[in-house]
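Structure first, then comments.
The values are calculated or read from the model by the stated rules, or taken from the named source; none is laboratory data. As the structure is a prediction and not an experimental result, all values here were calculated from the model. Please note: Cβ atoms are built from the backbone with ideal geometry, for glycine as well, and neighbour counts cover all protein chains shown.
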Amino acid sequence: MEVAFREERSRCVAILARVLGDIDLAEDAVQEAFVIAVSRWPRDGAPANPGAWIVATARNRAIDVIRRERTLAGKTEHLARLEGISAHEDDPEERTIPDERIALIFGCCHPALALEAQVALTLRTLGGLTTEEIARAFLVPEATMAQRLVRARRKIRDAVIPLRVPDEHELPARLAAVLAVVYLVFNQGYGPPPRAELTREALRLAALLARLLPAEAEAHGLLALVLLHEARAASRVAADGSLVLLAEQDRSLWDARLIGAGKEALARAMALRRPGPYQLQAAIAALHTEAATDWPQIATLYDRLAQLTGSPVVELNRAVAVAMADGPAAGLALLDRLELPGYHLLPAARADLLRRLGRADEAGAAYREALALAPADGPERSFLERRLAEVEGTR
């Protein structure tokens, strides 16, 4: 049941949302269908095609809701289209993008919505992320993100924004938000803690986008980036669940096939001669896979990335790279200029550089600050606690 939910939820929501034009109703109907499945499948056995069963049951729930609200007129015909669609059949109308989830991503990434609302809404609808998880990804309070999601859904419903694949000439204008969605889904799955169903979905969507938009360098750049990161997934967490830093990872666990595929995708992106943030990040990830890490080159790439994005998180990563290239004091000087309220990785990075400089008291204070901001459990917290114990033992 849990596997069916992970694998089929986003596709079922996408199918219903596209027909109904109402994401809330689609999500509620699919959720009710899974509740029914929980009671029936253990007794009657799981159907041969769980996705088709969920779609059919959710469709019936949606019809019931519409009838109760007396707004069925004009929608019955649309709902009838679902009767012959199974979870694994292509929709004949989706010739440009033969995947319901990609279609819904492009639909949610309508220019009438603010970019952050586009990304957040799609993460919630397709990625299945909680409001808390999305808020953490955007570094905003959960209540703020909840309000954004409500406003985005209301705007789609009230403005009758079509949840479908746009015409081909409109696709590039929506690409930035679509790529951001796929990357954030991957990041959330990459963890810690890791969630394989999210990384698997992001890899599938990134590969599909690269095939559908072969002339878009950043689509290939994103594919390269997620492949190169995923190649190291098996080495990031130790057997006891603790976090393993890049320098300490067992390279024999790295997936050479994924590294090769990632570098090929990066080469395709670079051949188009339109550099962008995903290509720069992929180039950094590729350098990390080399036998000797070229930290000066990585610092240079982060500098270019910071200029493109203006992101303080990128500046944080640049400071860490500078620390590796020029020493911890140089990196610490850069970190001390940054402000990232509520972001636990900033004090964690400061703590590490202070530790390397032998400033144990200051390092301990920074580790405690990071722990106060870090998630309540998981390998990151265990790592920070272990580091804090180490610096406290040196005083």
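Quick notes
- Flag for Gly260 being surrounded by fewer than 21 Cβ atoms within 10 Å (Cβ to Cβ) and at positive phi: no
- Residue match in the range 241-256 (condition: without any contact (Cβ under 8 Å) to a residue 24 or more places away in the chain, basic (Lys, Arg) and either surrounded by fewer than 16 Cβ atoms within 10 Å (Cβ to Cβ) or in contact with a strand residue (DSSP E or B) (Cβ under 7 Å, 6 or more places away or on another chain) (or both)): yes
- Given (1) out of contact with any His (no Cβ under 6 Å at 6 or more places or on another chain); (2) more than 30 Å from Gln279 (Cα to Cα); (3) among the hydrophobic types (A, V, I, L, M, F, W, C), index of the condition Met324 fails: (2)
- Filter result for the condition that a residue is in contact with a Gly (Cβ under 7 Å, 6 or more places away or on another chain) and assigned to a helix (DSSP H, G or I), over Leu384, Leu334, Leu388, Leu346: Leu388
- Exactly one residue out of Arg211, Arg200, Arg151 is of a type outside the set (A, V, I, L, M, F, W, C) and over 18 Å from Leu258 (Cβ atoms): that is Arg151.
- With respect to the conditions (1) part of a helix (DSSP H, G or I); (2) at pLDDT 85 or above, Pro47 falls short on a single one, namely (1).
- Candidate set: the range 138-160, residues that are surrounded by 18 or more Cβ atoms within 10 Å (Cβ to Cβ) and of a type in the set (A, V, I, L, M); chosen: the one farthest from Pro194 (Cα to Cα): Ile156
Per-residue answers, yes or no, for (1) in contact with a helix residue (DSSP H, G or I) (Cβ under 6 Å, 6 or more places away or on another chain); (2) at pLDDT 75 or above:
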position: Glu93; (1), (2): no, no
position: Ile97; (1), (2): yes, no
position: Ala112; (1), (2): no, yes
position: Val119; (1), (2): yes, yes
position: Met145; (1), (2): yes, yes
position: Arg157; (1), (2): no, yes
position: Ala176; (1), (2): no, yes
position: Gln188; (1), (2): yes, yes
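- Looking across the range 344-371, the residues that are buried (at least 18 other Cβ atoms within 10 Å of the Cβ) and either in contact (Cβ under 8 Å) with a residue 60 or more places away in the chain or among the hydrophobic types (A, V, I, L, M, F, W, C) (or both) come down to Leu346, Ala348, Ala349, Ala351, Leu353, Leu354, Ala363, Ala366, Ala370, Leu371.
- Within the range 196-239, the residues that satisfy the criterion of being more than 16 Å from Gly276 (Cβ to Cβ), part of a helix (DSSP H, G or I) and among the charged types (D, E, K, R) are Glu197, Arg200, Glu201, Arg204, Arg211, Glu230.
- The range 263-303, subset of a type in the set (A, V, I, L, M) and in contact (Cβ under 8 Å) with a residue 60 or more places away in the chain, residue surrounded by the fewest Cβ atoms within 10 Å (Cβ to Cβ): Ala286
- Here the helices (runs of 4 or more DSSP H) wholly within the range 95-195 that include at least 1 residues being more than 27 Å from Phe383 (Cα to Cα) and β-branched (Val, Ile, Thr) are 100-108, 115-125, 142-158, 171-190.
- Leading residue by the ranking (farthest from Arg157 (Cα to Cα)) among those in the range 53-67 that are of a type in the set (A, V, I, L, M) and either more than 31 Å from the chain's Cα centre (by Cα) or buried (at least 20 other Cβ atoms within 10 Å of the Cβ) (or both): Ile54
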